[in-house]
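Engineer: What follows is a single structure, and I will ask about it in a moment.
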Ligand SMILES: Cc1ncc(COP(=O)(O)O)c(C=O)c1O
């Protein structure tokens with residue numbers, strides 16, 4: 001039975017008629033295959049009761065759906081999702097139309113690993129979902145990027161790029177990135193030190209494959225970017241956690257570990273620690289580099305949101321001070337521009353980059369050369385920097401508004417520090433509250449908290465989650481906080 005009660009969200013203040021809000025949400029579920037063809041819809045009286053609306057609203061909604069061709073009403077029998085839907089592709093696409101009936105059993109054995117589970121929950125229409133800090137795609141320079149892409153695709157001189165190319169990535173982009181990163185990040189690399197990836201996550205995975213085998217140890221922060229934790233665990237490694245305080249990863253604790261055992265690597269998000277957003281202090285940066293060259297471990301530096309700093313200029317990465325060839329520096333354009341543009345880089349000594357390129361070839365012969373070429377233009381012409389400057393102004397305003405709304409409406413329940421950079425606030429719930437209950441109440445008010453449990457992989461009950469502010473405009477942030485406030489008032 002389709003979960004009608006929890007699947008629909010009605011915003012009585014939105015100015016849009018309730019029956020229309022409902023019918024849009026029905027269409028969404030039909031399109032997604034959650035209500036497949038020929039499904040009998042719940043009766044109007046029962047649905048009205050479940051959703052606490054007048055029966056006439058449901059009747060008007062079903063009439064609207066029938067008018068648009070999504071459902072048909074058979075007298076004395078009921079209302080059914082139509083066998084032939086208005087857009088034929090919804091039916092012919094088995095993955096959406098038959099989603100609820102997908103075959104799940106296999107006639108063979110395969111290897112599974114629970115560390116690969118990284119489920120994300122999907123918000124129903126009308127709900128606001130809290131992410132862990134991603135860019136607002138409405139501000140993305142999609143038109144500019146598409147213009148460059150189209151122009152390049154039509155050029156005779158670009159025909160070469162349409163064939164198989166280098167596993168290391170498009171040469172032009174590698175040259176442009178070398179110049180750009182040497183200038184902006186204080187690096188001194190050549191193209192031999194750089195592999196183009198499909199985003200930072202691929203860089204983390206490649207590093208993990210080359211550094212870690214069953215039984216090897218890697219040090220990560222407590223708490224840490226959950227996807228990195230899972231990537232390392234999935235390589236068979238043991239995670240050794242060290243605390244993270246207001247100066248970032250605690251190098252004093254790292255020293256204690258190093259005196260007792262061998263580690264292969266340390267993973268850091270030194271610029272803005274994920275999730276707590278703090279910056280690794282200058283003193284600890286130097287200590288970490290000294291330890292790395294002394295104890296011969298790798299430092300995986302994930303600089304996922306380098307560009308976004310509101311109180312000071314970006315801090316140069318560890319990689320820029322690395323004299324001992326210890327750092328593997330990872331970044332991408334996915335936060336600065338938009339997650340859809342899968343262009344990133346892994347920077348390290350040539351021998352490591354060469355091996356990373358070889359291993360990458362097994363899962364991805366090469367990247368999207370045309371997109372990479374497009375980004376070489378986008379960066380070379382200064383368009384990317386102009387875009388970053390533009391969105392920074394928006395994100396700074398959003399950070400300030402979000403923090404002041406949180407402070408005014410939710411300070412009895414939560415604690416947080418204003419982040420100096422990045423796209424998210426690290427919010428801790430006061431001891432007497434639990435996210436589990438808050439999450440349930442929030443859904444009823446139209447807010448999806450997401451997988452808040454994943455921030456506590458080490459099960460220390462720290463009670464924090466990251467709340468992204470960048471993706472929502474000012475109006476949306478106000479609605480979000482007022483819905484959260486309502487949820488807390490009902491706690
Ligand atoms: C700390 C951190 N590293 C890496 C990534 C992955 O980024 P990309 O989209 O470039 O693969 C994210 C994405 O949210 C992140 O937060």
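Engineer: Sketch the reach of a paramagnetic label on residue 74 as a point 7 Å from Cα along Cα-to-Cβ, and name the residues of the stretch 18-40 whose backbone nitrogen lies under 13 Å away.
Structural biologist: Zone members listed by number: 38-40.
Engineer: Under 16 Å from a point placed 7 Å out from the Cα of residue 103 along the Cα-to-Cβ direction: which residues of the stretch 15-35 have their backbone N that close?
Structural biologist: none
Engineer: Where in the stretch 15-49 does the label zone of residue 482 land, with the point 7 angstrom along Cα→C-beta and an amide N cut-off under 17 Å?
Structural biologist: It comes to 15-17, nothing else.
Engineer: Same structure, new question: Please work out, to two decimal places, the log10 of the ratio I(q)/I(0) at q = 0.11, 0.13, 0.14 Å⁻¹ from a Debye calculation in which every Cα of the stretch 142-384 carries one identical scatterer.
Structural biologist: Relative scattering, expressed as log10 I(q)/I(0), comes to -0.56, -0.77, -0.89.
Engineer: Oh, and also: Work out, in µm²/s and without decimals, the Stokes-Einstein translational diffusion coefficient of the stretch 1-157 at 37 °C, 0.692 mPa s, Rh from Kirkwood over C-alpha pairs.
Structural biologist: 173 µm²/s
Engineer: Beyond 46 Å, how much of the Cα-Cα pair distribution for the chain remains, as a whole percent?
Structural biologist: It works out to 18 percent of all Cα pairs.
Engineer: Also: So what is the 222 nm mean residue ellipticity for the chain from helices alone, if each DSSP H run of at least 4 adds -39500 (n - 2.57) and you divide by all residues, rounding to the nearest 500 deg cm²/dmol?
Structural biologist: Counting only the DSSP helices, I get -13000 deg cm²/dmol.
Engineer: A follow-up question, please. How far is it, in nm, from the label point at residue 1 to the one at residue 451 when both lie 7 Å from their Cα along the line to the Cβ?
Structural biologist: Each label point is offset 7 Å from its Cα along the Cβ direction, giving 2.9 nm.
Engineer: Where does each of 362, 378 land when they are ranked from fewest to most other beta-carbon atoms within 10 angstrom?
Structural biologist: In increasing order of surrounding Cβ atoms, one gets 362, 378.
Engineer: Nearest 10 degrees is fine. How inclined is helix 435-445 to the longest principal axis of the chain, computing both from alpha carbons?
Structural biologist: With both axes taken from Cα atoms, the answer is about 40 degrees.
Engineer: Round to the nearest 10 and give me the degree value, 0 to 90, for the angle of helix 18-32's Cα axis relative to the longest principal axis of the chain.
Structural biologist: 60 degrees
Engineer: If you count the DSSP beta bridges with both ends in the chain, what percent of them are antiparallel, to the nearest 5?
Structural biologist: 55 percent
Engineer: What is the helix-to-structure angle for 369-380, meaning the angle in degrees between its Cα long axis and the longest Cα principal axis of the chain, kept from 0 to 90 and rounded to the nearest 10?
Structural biologist: Value to nearest ten degrees: 70.
Engineer: Within a 10 angstrom radius of the beta carbon, how do 306, 267, 413 rank from fewest other beta carbons to most?
Structural biologist: Ascending Cβ contact count within 10 Å gives the list 413, 306, 267.
Engineer: Taking square-rooted eigenvalues a ≥ b ≥ c of the alpha carbon gyration tensor, is the stretch 267-397 rounded, prolate or oblate, where a/c under 1.5 means rounded and, failing that, a/b exceeding b/c means prolate?
Structural biologist: oblate
Engineer: Can you give the Rg and Dmax of the stretch 298-364 based on its C-alpha atoms, in angstrom?
Structural biologist: For the stretch 298-364, the Cα-based Rg and Dmax read 13.6, 43 Å.
Coordinate-derived values only; no laboratory data. Because the structure is predicted, anything quoted here is derived from the model rather than measured. Note: ideal-geometry Cβ built from the backbone for every residue, glycine included; neighbour counts use all protein chains shown.
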